[in-house]
1. Restricting to region 357-369, what's the tally of residues that are touching a helix residue (DSSP H, G or I) at 6+ places or on another chain (Cβ under 8 Å) and either more than 18 Å from GLN381 (Cα to Cα) or acidic (Asp, Glu) (or both)?
2. Under the condition of being among the β-branched types (Val, Ile, Thr) and touching a helix residue (DSSP H, G or I) at 6+ places or on another chain (Cβ under 7 Å), which residue from region 247-277 is surrounded by the most Cβ atoms within 10 Å (Cβ to Cβ)?
3. Testing ARG280 on (1) more than 34 Å from the chain's Cα centre (by Cα); (2) surrounded by 19 or more Cβ atoms within 10 Å (Cβ to Cβ), one condition comes back false. Which one is that?
4. Which condition does ARG287 not pass, out of (1) at positive phi; (2) touching a residue at least 24 places away in the same chain (Cβ under 8 Å); (3) not acidic (Asp, Glu), if it passes all the others?
5. Has region 13-24 got at least one residue that is out of contact with any Asp or Glu (no Cβ under 8 Å at 6 or more places or on another chain) and either crowded, with 20+ Cβ neighbours inside 10 Å or part of a strand (DSSP E or B) (or both)?
6. Kindly indicate whether GLU166 is of a type outside the set (Val, Ile, Thr), open to solvent by 10 Å² or more (accessible area, probe 1.4 Å) and assigned to a helix (DSSP H, G or I).
7. Anything in region 251-280 that is in contact with an Asp or Glu (Cβ under 8 Å, 6 or more places away or on another chain), within 25 Å of ILE182 (Cα to Cα) and assigned to a loop (DSSP other than H, G, I, E, B)? List them, or say none.
Amino acid sequence: MASKKPKILVVDDDKSICNLMRSVLEMEGYEHRIAMSGEEARRLIGLDRYDILISDIYLGDDSGLNLLAHMKQSNPIAEVIIMTAHGSVETAVNAVRNGAFDYVSKPFAVDDILEVLRRIEEKFKIVDATSFGSELADAMPNTEIIGTSARMVDIYTKLAVLASIEAPVLILGESGSGKELIARAIHANSSRSKGEFVVINCGALTETLLESELFGHEKGSFTGANTARKGLLESAVGGTVFLDEVSETSLSFQVKLLRVIQEHEIRRVGANETIKVDIRVVAATNRDLREMVRNNQFRLDLFHRLSVFTIALPPLRERSTDIPLLASHYLKLFNAKYGKRTRLAAETVEAMKAYSWPGNVRELKNLLERAITFNDTGTIQPSEIEFGEPEELDDDDDSSPSPVISGTTNSLDQMEREHILKVLKETGGNKKKAAEILGIERRTLYNKAKRLGIDFSRA
């Protein structure tokens, strides 16, 4: 609001007052609308968003105090000026008690109204200066890959180079860090951008279903295969295939993937002949494939074929300088979605920068959407984000702290552990729901619990 003058709605059933206010606001450069009844005012409030309401307290069909409440419900940070020709202590007290910024008696001097408007504008500027909104995102390109930290700039450079070649790319990163967004960006900036971008979650299907989904099948190749069916890899010809969670494939299936990458051909389930497929493969994982190779869980030849070109996405906790920009992006997105103008208190932004974000960008997005949805003040305070709050143990809880948690209670591991415990408590120990709230895979939740010393039976 600091960048432009506030939008004003004037409501009065006196035509002369409406004409006066119209002239004054036009001369002062305020965007405004005039309503001569409560019904018309409510209609306008439903159609647009106003920063200031100037209303007579007594209307033929409504009350200025009722409109005040309606305006605050529509826009909690809006300010209201109440006017009346029948001033009294009682009406003034009622107006202020109900949330009016100021109370003006008729007849009034134009300078008096303008002075009130200037004070409201000054308040808006102070709020803008001590809170955080969508200003940063307004100047950014329309993209979901957000960040200006050195790590992200390096990724943009790599992405631009890799988009121009045809070789496979392996994207590494924790759950929720944006691996699919990077894969989509590679596809969108490549010569294959007009082709299909097919996402395949390798961890979501059994090996049999995965093979049928990817390669297709011939009629009668298994029970229920009543017709021949083209697989996803055939459907992606001319485009890009994104193999998410490629680490979750079996060793036998990895042999078939290797053939696809090396020979650009597939064999449908139940078929004898191979089919050539012109596709580019981009894979992703949140696991350490080198460690899996050492443990004979992943084929060395496939690892070498996939990892010639890699992009390693940093976790959000390692690029905290990007958090204000990410928050600004999601404020802009969700404010538009829910018709709000919600901002973040400066303290909230600092708390977000200090938090470890176990679910990375996905968790940040989910928590901000939830906070914006339920916020009714216009400014989100740290308590509304619901992260990193100390877990309150019962007096009879004799569990000893895990050895992994050491040092100060404000360490990143401590904050992450407490947040996970809090979510588990809220979900009644339901690990699937907890993982969804945290924005991570259930397997990742297990891995984090092991690392942080979280006992699910006691959580």
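The values are calculated or read from the model by the stated rules, or taken from the named source; none is laboratory data. Everything numeric in this text was worked out from a predicted model, so none of it was measured. Glycine also receives a Cβ, built like all others from the backbone with ideal geometry; neighbour counts cover every protein chain displayed. Note: areas computed on protein heavy atoms with side chains; ligands, DNA, RNA excluded. Shrake-Rupley method; radii C 1.70, N 1.55, O 1.52, S 1.80 Å.
1. The total comes to 6.
2. Applying the filter and picking the extreme gives THR249.
3. Result: ARG280 fails condition (1) only.
4. Exception for ARG287: condition (1).
5. The answer is no; no qualifying residue exists.
6. Here the answer is no, as GLU166 does not meet what is asked.
7. Scanning region 251-280 gives HIS264, VAL277.
Yes/no per residue for (1) of a type in the set (A, V, I, L, M); (2) in contact with a Phe, Trp or Tyr (Cβ under 9 Å, 6 or more places away or on another chain); (3) at pLDDT 85 or above; (4) over 23 Å from VAL24 (Cβ atoms):
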site: SER63; (1), (2), (3), (4): no, no, no, yes
site: ALA69; (1), (2), (3), (4): yes, no, yes, yes
site: GLN73; (1), (2), (3), (4): no, no, no, yes
site: ILE82; (1), (2), (3), (4): yes, yes, yes, no
site: VAL89; (1), (2), (3), (4): yes, no, no, yes
site: ILE120; (1), (2), (3), (4): yes, yes, yes, no
site: SER131; (1), (2), (3), (4): no, no, no, yes
site: GLU144; (1), (2), (3), (4): no, no, no, yes
